[in-house]
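Q: One structure coming up, written as structure tokens, with questions to follow.
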Amino acid sequence: MKPLAAAATAALLITALAGCVGSDTVTPGTSSSSRTPKASAPATPSATPGATDATETTPGAAPDPAQLKCLTVDQSAIDVIAQGLLSGVTVNSAAAHLATDDSGVFYVTLDLVGPGAESGQAVATFATNDDPSVPGGEGITIAVGEAAHQFSDWPRGDESDFQLTADSPGVAESVACLGL
């Protein structure tokens, strides 16, 4: 992605996701552009419950889970994402990380099991605007990356206004937090 396009995408994501919270008016399988988010204050890493000590990661380097602000995913966040999983696909384990670009986006990575999904092989990441370590969030959920697209009917991040992909800042860290 060209630097100017990357900056525009980041600005759109910051505006759209960081200021959203509350229930989502759209169910899995619908376009993210038809969602009606509700306003709230943006998330801040220092106020994130369930986070561990962290240091910055070097761009391009494989993230070290011991050096990240990995989040413990509350069961309610898993349940929200599971609503959009394909029939028979369940969650084996979950971890999350706040985006590394100050956008306020949380990436939740799940180890999925079920038809066509073997543990450790179907690692799916989803973006949300709700802190997944706090019970009760029901904000925007977007599928990020091939496994999330394959095993869910949540809107695709790469086809949404947010242009979220497996290369988005924070996705690799979320996957590393899962520890597979």
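The values are calculated or read from the model by the stated rules, or taken from the named source; none is laboratory data. Since the structure is predicted, the reported quantities are computational estimates derived from the model, not experimental observations. Glycine also receives a Cβ, built like all others from the backbone with ideal geometry; neighbour counts cover every protein chain displayed. We work out accessible area using only protein heavy atoms, side chains counted, and drop any ligands, DNA or RNA first. Shrake-Rupley method; radii C 1.70, N 1.55, O 1.52, S 1.80 Å.
Q: Can you tell me how many residues in the range 85-108 are within 19 Å of Asp131 (Cβ to Cβ) and either in a loop (DSSP other than H, G, I, E, B) or out of contact with any His (no Cβ under 8 Å at 6 or more places or on another chain) (or both)?
A: Looking only at that region, the number is 15.
Q: Please work out if Ser133 is touching a residue at least 40 places away in the same chain (Cβ under 8 Å) and in contact with a Ser or Thr (Cβ under 6 Å, 6 or more places away or on another chain).
A: It is true that Ser133 is touching a residue at least 40 places away in the same chain (Cβ under 8 Å) and in contact with a Ser or Thr (Cβ under 6 Å, 6 or more places away or on another chain).
Q: For the range 132-159, which residues satisfy the criterion of being more than 27 Å from Pro115 (Cα to Cα) and either crowded, with 21+ Cβ neighbours inside 10 Å or touching a Lys or Arg at 6+ places or on another chain (Cβ under 8 Å) (or both)?
A: Gly137, Gly139
Q: I would also like to ask the following. For the range 50-109, how many residues meet the condition of being under 12 Å from Glu173 (Cβ atoms), among the hydroxyl-bearing types (Ser, Thr, Tyr) and at pLDDT 90 or above?
A: 2
Residue-wise test of (1) within 13 Å of the chain's Cα centre (by Cα); (2) aliphatic (A, V, I, L, M); (3) open to solvent by 30 Å² or more (accessible area, probe 1.4 Å).
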| site | (1), (2), (3) |
| --- | --- |
| Ser76 | no, no, yes |
| Leu85 | no, yes, no |
| Ala96 | yes, yes, no |
| Phe106 | yes, no, no |
| Val123 | yes, yes, yes |
| Ala172 | yes, yes, yes |
